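The values are calculated or read from the model by the stated rules, or taken from the named source; none is laboratory data. Nothing here was measured: the structure is a model prediction, and the numbers come from that model. Here Cβ is always computed from backbone atoms with ideal geometry, including for glycine, and neighbour counts include all displayed protein chains. Protein only, heavy atoms only, side chains kept; ligands, DNA and RNA dropped before computing areas. Shrake-Rupley method; radii C 1.70, N 1.55, O 1.52, S 1.80 Å.
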Amino acid sequence: MRKGLVDELQKIISESSNIVFFGGAGVSTESGIPDFRSVDGLYHQQWDYPPEVILSHSFFMKNPEEFYRFYRAKMLCEAKPNPAHKKLAALERRGKLKAVITQNIDNLHQMAGSRNVLELHGSVYRNHCMKCRAFYDEEYIKSTQGVPRCPKCGGIIKPDVVLYEEALDSHVIQESVSAISQAEVMIIGGTSLSVYPAASLIDYFRGGHLVVINRDSTPRDSMAELVISQPIGEVFAQIQE
């Protein structure tokens with residue numbers, strides 16, 4: 001890794017007190033959670049249906065048994081925060097990082113200590129009965145077999161994860177737009193910026209420093225002041241708070 005690029009990132013972070021981080025699956029792959037689009041990702045694994053079909057609202061409603069077979073096998077992962085999660089949490093504690101906006105559903109940012117985490121696609125740690133809205137955590141889902149049902153009313157329990165065909169939460173979107181539009185520095189990390197409407201939130205950035213840290217190229221590279229094509233955990237491990 002070119003030391004000069006990390007030095008440039010360090011300078012940007014050190015001189016700013018209004019940073020927003022926008023991240024995707026690549027932030028969690030270094031914690032052992034597979035992404036969707038890489039060579040080894042979920043889109044390249046064999047199931048009876050493509051993952052994008054299984055993880056759709058209509059499929060969930062028609063075939064919850066197969067949905068939960070895939071969901072338990074591939075979406076409920078045992079993982080711990082990596083250096084990227086930990087350093088972002090440390091920067092927030094220092095008052096430098098104002099928000100983490102994530103497309104991930106794994107709760108790793110919160111596990112690392114981040115408090116202002118805006119989850120665009122929801123979280124596997126929250127589940128609700130579709131009938132009475134009773135809340136159930138991830139451990140309850142893990143303790144059940146087949147389609148989990150509410151012991152209070154018998155309704156099917158659904159993860160608070162935004163499935164294909166479902167809209168993003170309007171409050172989360174508003175909070176994300178507000179954070180991005182006010183940020184002085186925006187760091188985009190571990191995302192191909194190919195998932196919409198989440199990726200379109202980048203358009204609200206009006207600050208002075210746009211940084212992209214991603215293994216592969218993104219559509220925003222040409223707009224960025226700094227592009228680092230390395231695993232994000234390795235990069236943040238070198239950053240001083």
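Residue count for segment 215-226, restricted to those that are open to solvent by 20 Å² or more (accessible area, probe 1.4 Å) and under 24 Å from Gly32 (Cα atoms): 3. Checking the stated criteria, Val185 turns out to be buried (at least 16 other Cβ atoms within 10 Å of the Cβ), under 20 Å from Gln103 (Cα atoms), touching a His at 6+ places or on another chain (Cβ under 7 Å) and of a type in the set (A, V, I, L, M). Take the residues in segment 1-59 that are open to solvent by 40 Å² or more (accessible area, probe 1.4 Å), among the polar types (S, T, N, Q) and modelled with pLDDT under 85; name whichever of them is farthest from Asn116 (Cα to Cα). It comes out as Gln46. Residues in segment 89-114 that are among the aliphatic types (A, V, I, L, M) and within 11 Å of the chain's Cα centre (by Cα) were compared, and the one that is surrounded by the most Cβ atoms within 10 Å (Cβ to Cβ) is Val100. Exactly one residue out of Val212, Val161, Val235 is β-branched (Val, Ile, Thr), open to solvent by less than 40 Å² (accessible area, probe 1.4 Å) and within 22 Å of Ile54 (Cα to Cα): that is Val161. Among the residues of segment 167-174, is any touching a residue at least 60 places away in the same chain (Cβ under 8 Å) and either open to solvent by less than 20 Å² (accessible area, probe 1.4 Å) or not aliphatic (A, V, I, L, M) (or both)? No, because not a single residue in segment 167-174 is touching a residue at least 60 places away in the same chain (Cβ under 8 Å) and either open to solvent by less than 20 Å² (accessible area, probe 1.4 Å) or not aliphatic (A, V, I, L, M) (or both). When Lys62, Lys86, Lys74 are screened for being open to solvent by 60 Å² or more (accessible area, probe 1.4 Å), under 17 Å from the mean Cα position of the chain (by Cα) and of a type outside the set (Phe, Trp, Tyr), only Lys86 passes. Here is the figure for segment 131-146: residues that are surrounded by 14 or more Cβ atoms within 10 Å (Cβ to Cβ) and touching a residue at least 60 places away in the same chain (Cβ under 8 Å) total 2.
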